[in-house]
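> Next up is a structure, given as C-alpha cells.
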Amino acid sequence: MNNVKEKLSVLIVDDEAVIRNGMGRALQGTNAETQTAASGEEALELLDSHAFDVVFLDIRMPDMDGITLLKKVRAKHPFTQIVMITGYPTIDTAVQCVKLGASDYLVKPIRIADFKDALKGLEPGGNRPETHGKDEEGLKIDSEKNIIIGRSPAMKQIFRKIRKVAPTDSTVLITGESGTGKELVARAIHFNGTRRDKAFVAVDCSALVETLLESELFGHVKGSFTGAIQTKHGYFELANHGTFFFDEISNLSLNTQAKLLRVVQEREFMKVGDQKKIKLDIRIISASNTNLRETANEGKFREDLFYRLSVVPIHLPPLRQRKEDIPLFVTHFLDKFSRKIKRAVPHVSEEAMDALKEYVWPGNVRELEHTIERILILEDTDVIRPSDLPSSISRKGGEFQTLSEVPVSLEELEKRYIRFVLRRTKGKKTEAARILGINRKTLGLKVKKYEIY
Ligand SMILES: Nc1ncnc2c1ncn2[C@@H]1O[C@H](COP(=O)(O)OP(=O)(O)OP(=O)(O)O)[C@@H](O)[C@H]1O
Ligand SMILES: [Mg+2]
C-alpha cells in the first residue's frame, strides 16, 4: 500500500552539471527526492541499487547516448517512467523515443513548469507492481516476489476484477487456454481476500480417478468400503473456511457433477458411508481451458452447475492477443531466473524482442517462461540475440527483423518489401500483387519507380 509520506524518487541523467543542478534545485521543497548521474554508466549503477519512479535522460551524452540508455532502462526496469531531454529536437527522435517506451519528451532550455508537469500524476511507487496504484502493471499474490503481471488493457481489467471480487465470497469461474495463468489468478483472488490465512486447496479434476473421486472429495468413514481402514478427511473438509479451487472442471463426469451441484447449492456434504451432514464454509473458484458454456450446450456439462460456478466469470486471453505483455514477461522471467541461478541479467536485443513478440506462443505464458529459463541456462551471453532463441521463434519475420534497428522512410520500406515479396514469389507479378493487396498495374508502376529488377 502507498505510504503517504513516501517521496517520488527522481533520477536526472545529463552530462551537463548546469542542467543536473538546475533540475535538482527546481524540485527542492516538493514531494520529490532527486539523485543525479553524469553518465549512462553511473545511471545504470544507481538504477541497480535503487527503485526510481521516474528517470530524466539526456539524449546526447559522450559515453553512452540516451537512446541506448533508454533501451537498457526499459528492459531492466519496466516500472520506471522515462522522460527524454534533448537540445536538438527532431520528430524522428521523438517518435523513436516514444516507440521505445519513453513517456515524455522535454526540449532544452527546460522550463521549470514543463519539468514539473512531467511529474504530475506520478505517485511514489505508483508504477511498481507491489503497490496498489490505479493503473499498475502487476498484482501481488502472497509475497513481493510472487506477483501476477501484465500491462495490456485485458490484464489491467483482470487486475481490477480480481481486486473487486477478492474481498467477497463470490464463486468465480476462470477460463483460458493452457498456460495463460488461470491458477495464478485463482491464488491472487484467495490471497487478496479475507480467507488468505486459511487453506487454499487445489484439486485437478483431470487427475482424479472416477472411482476414488468421491472419497477423495468427501472423505469416508472407517469400514465404508473395502480398503477404508480408517476415517479419512476429504479435500472439502481440508478446505473448510478457506478456498476450494477446482482445476480443469470440465473433466468431471456427469455423475460427479450431480454430486458437486448439491455441495455448491447447499454448502454441506456427507462422508462416504456416513449419514451425518457436515456444514461447509468454502469459497469456490473453478478453472477450465475449454469454453464451459459450449461444453454445457453440447450436453457434457450440467447447465445448472455451470450457472452456479460462473457467478463471476474471468477470461484470460491467449498471449498472442496481448502482445504488449510479452516484453514485461520477458524482463520479469529474465530477472527471476537470473537471480535464481545467480548470474547477471542479460539485455535483450531489439531484434530478439521483436521475434519474441511476433511468435504465436501456443503454450502461452508457461511456454514463454520455460523458453527464457532455458536460454538463461544454455546461453552465457550479455545480450540475447535472435540466434540465441529457439529456431521456431527466431525464424519469424524474414528480412524485417533487421529493419527495426535501421530507421528508414516509408518509401524505402515499401521498396524493400516489394523486393522481398517478388523474390519470395520468384518474380511472379500476379502472385506478388495479390500478397501485397494491390493490382498488377500498380505493382508494375512501383517496380519501375523503385527500379526493382
Ligand atoms: N500474468 C502472469 N504473471 C506472471 N506469471 C504468469 C502470469 N501468467 C502466467 N504466469 C506463469 O505461467 C505459468 C502458467 O500459469 P498457470 O499455471 O497459472 O496457467 P494455467 O492457465 O493454470 O495453465 P493450465 O491450463 O495448463 O493449467 C506459471 O508458472 C505462472 O507463474
Ligand atoms: Mg492450471
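Throughout, read-outs are computed from the coordinates displayed, never taken from laboratory work. The structure displayed is predicted, hence computed values, not measured ones. Neighbour counts run over all protein chains shown; Cβ positions are idealised from the backbone, glycine included.
> Taking Cα centroids, how far is the range 411-453 from the range 56-97 in Å?
First find each Cα centre; the distance between them is then 36 Å.
> Which one, Leu260, Ile285, Ser224, is farthest towards the positive end of the dipole of the range 211-313 when Lys and Arg carry +1 and Asp and Glu -1 on their Cβ?
Sorting the options by dipole projection puts first Ser224.
> Follow-up question, since we're still on this one. Can you put Tyr235, Tyr417 in order, fewest other beta carbons within 10 Å first? Display every interim value, and only then the final one.
Values: Tyr235 20, Tyr417 16.
Placing the least packed residue first, the sequence is Tyr417, Tyr235.
> Let me ask something else about it. How much of the calculated P(r) for the range 22-86 lies past 15 Å, in percent of all Cα pairs? Show your work: numbers first, answer last.
Details: 1041 of 2080 pairs.
Summing the P(r) of the range 22-86 above 15 Å gives 50 percent of all pairs.
> Continuing with this model, one more query. Obtain the nm distance between the two label points defined at Phe420 and Thr381 by a simple spin-label model: each point lies 7 Å from its Cα along the Cα-to-C-beta direction.
2.1 nm
> Got the relative contact order for the chain handy, in percent, Cα pairs under 8 Å and 6 or more residues apart?
Numbers: 724 pairs, mean separation 50.1, N = 453.
Dividing the mean separation by the residue count of the chain yields 11 percent.
> Pairs Lys99/Lys336; Lys116/Lys145; Lys161/Lys182; Lys426/Lys449; Lys99/Lys323; Lys357/Lys449: which are spaced more than 22 Å apart, C-alpha to C-alpha? Provide the component values of the computation, followed by the final result.
On the way: Lys99/Lys336 26 Å; Lys116/Lys145 33 Å; Lys161/Lys182 14 Å; Lys426/Lys449 20 Å; Lys99/Lys323 15 Å; Lys357/Lys449 33 Å.
Over 22 Å apart, Cα to Cα: Lys99/Lys336; Lys116/Lys145; Lys357/Lys449.
> Can you compute the helix-only [θ] at 222 nm over the chain? Use -39500 (n - 2.57) per DSSP H run of at least 4 residues, normalise by all residues, nearest 500 deg cm²/dmol. Display every interim value, and only then the final one.
On the way: 20 runs with 193 residues, N = 453.
It comes out at -12500 deg cm²/dmol, rounded to the nearest 500.
> So, counting K/R as plus one and D/E as minus one, what does the shell of residues with Cβ under 13 Å around Asn255 add up to?
Numbers: positive: Lys259, Arg262, Lys300, Arg302; negative: Glu210, Glu214.
The answer is +2.
> Which of rounded, prolate, oblate describes the range 138-316, given a ≥ b ≥ c as roots of the alpha-carbon gyration tensor eigenvalues and a/c under 1.5 marking rounded, otherwise prolate only if a/b is larger than b/c?
Working: a/c = 2.15, a/b = 1.54, b/c = 1.39.
Prolate, since a/c reaches 1.5 and a/b exceeds b/c.
> May I ask you to list, by number, the DSSP H helices of the chain whose Cα span along the axis is at least 20 Å and whose average Kyte-Doolittle hydropathy reaches -0.5 or more?
Values: long enough: 325-340 (22 Å, -0.06); 364-378 (21 Å, 0.15); 410-424 (21 Å, -0.72).
Both cut-offs are met by 325-340, 364-378.
> At what distance in nm do the modelled label points of Thr226 and Ala17 sit from each other, each positioned 7 Å from its Cα along Cα→Cβ?
Between Thr226 and Ala17, the label points sit 9.2 nm apart.
> Another question, then. Working out 0.36 nm times the residue gap between Ile112 and Ser143, then minus their Cα-Cα distance, what length gain in nm do you get to one decimal?
Numbers: separation 31, 0.36 × 31 = 11.16 nm, distance 3.96 nm.
Extra length available between Ile112 and Ser143 comes to 7.2 nm.
> To check my understanding: the extent here is largest minus smallest coordinate of the Cα atoms along each principal axis. What are those three numbers for the range 408-450, in Å, largest first?
In descending order, the Cα extents are 27, 19, 16 Å.
> Please report the antiparallel percentage of the DSSP beta bridges confined to the chain, to the nearest 5. Please list the in-between numbers first.
Details: 8 of 48 bridges.
Within the chain, antiparallel bridges account for around 15 percent of the total.
> I've got another one for you. Would you work out if the range 8-119 is rounded, prolate or oblate? Take a ≥ b ≥ c from the square roots of the eigenvalues of the alpha-carbon gyration tensor; rounded if a/c is under 1.5, else prolate when a/b is larger than b/c, oblate otherwise. Please report the intermediate quantities before stating the final value.
Values: a/c = 1.33, a/b = 1.10, b/c = 1.21.
Taking the square roots of the gyration eigenvalues as a ≥ b ≥ c, the range 8-119 is rounded.
> Under a crude label model (7 Å from the Cα following the beta-carbon direction), how far is Asp335 from Thr68 in nanometres?
2.4 nm
> Taking Rh as the Kirkwood radius computed over C-alpha pairs, what is the Stokes-Einstein D of the chain at 37 °C in a medium of viscosity 0.692 mPa s, expressed in µm² per second? All intermediate terms of the calculation are to be shown ahead of the outcome.
Details: Rh = 25.9 Å.
My calculation gives 127 µm²/s for D.
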